[in-house]
Amino acid sequence: HGFFGEYFAHFVPTNDQSCPCGEPLQTREHILAECPIYDDHRETLREASEDLIISDLLGTEEGIKALATFIRQSGAFKKLDQPNHPPDDSEPPSMP
């Protein structure tokens, strides 16, 4: 379940399935590994999986923590599909 094109394609086909960056189908993999909109936030994910391997990000404790931080800081997957600003050094550090 989520607010991204791949989900909409299956469950809410009347919603736009494209990514704001221009990619025709916005997928989880696109958001996490490719979308230029989230480039400023992707370093958090690379700390858990240098090559942004989805099974590492979703299947390990380190990956899940990094993913939670990425989502919180970037605003990825939120309903309005508007990313947050680049990471701010004043934000609390990620969970240990």
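Under a model in which nothing but the beta-carbon of Lys, Arg (+1) and Asp, Glu (-1) is charged, region 28-74 shows a dipole of about 240 debye around its Cα centre.
Applied to region 12-19, the Karplus parametrisation 6.51 cos²θ - 1.76 cosθ + 1.60 on θ = phi - 60° returns per-residue 3J(HN,Hα) values of 9, x, 7, 7, 4, 9, 8, 8 Hz, with x for Gly and Pro.
Pair-distance distribution of region 28-74: all C-alpha pairs, bin width 5 Å, starting at 0; shares per bin in whole percent are 5, 28, 39, 23, 4, 0. Taken one residue at a time, the phi angles of region 41-47 give Karplus couplings (6.51, -1.76, 1.60, θ = phi - 60°) of 10, 5, 4, 4, 5, 5, 5 Hz. Gly and Pro are set to x.
Every number here is computed from the coordinates shown, using simple stated rules; none is lab data. The structure displayed is predicted, hence computed values, not measured ones. Neighbour counts run over all protein chains shown; Cβ positions are idealised from the backbone, glycine included.
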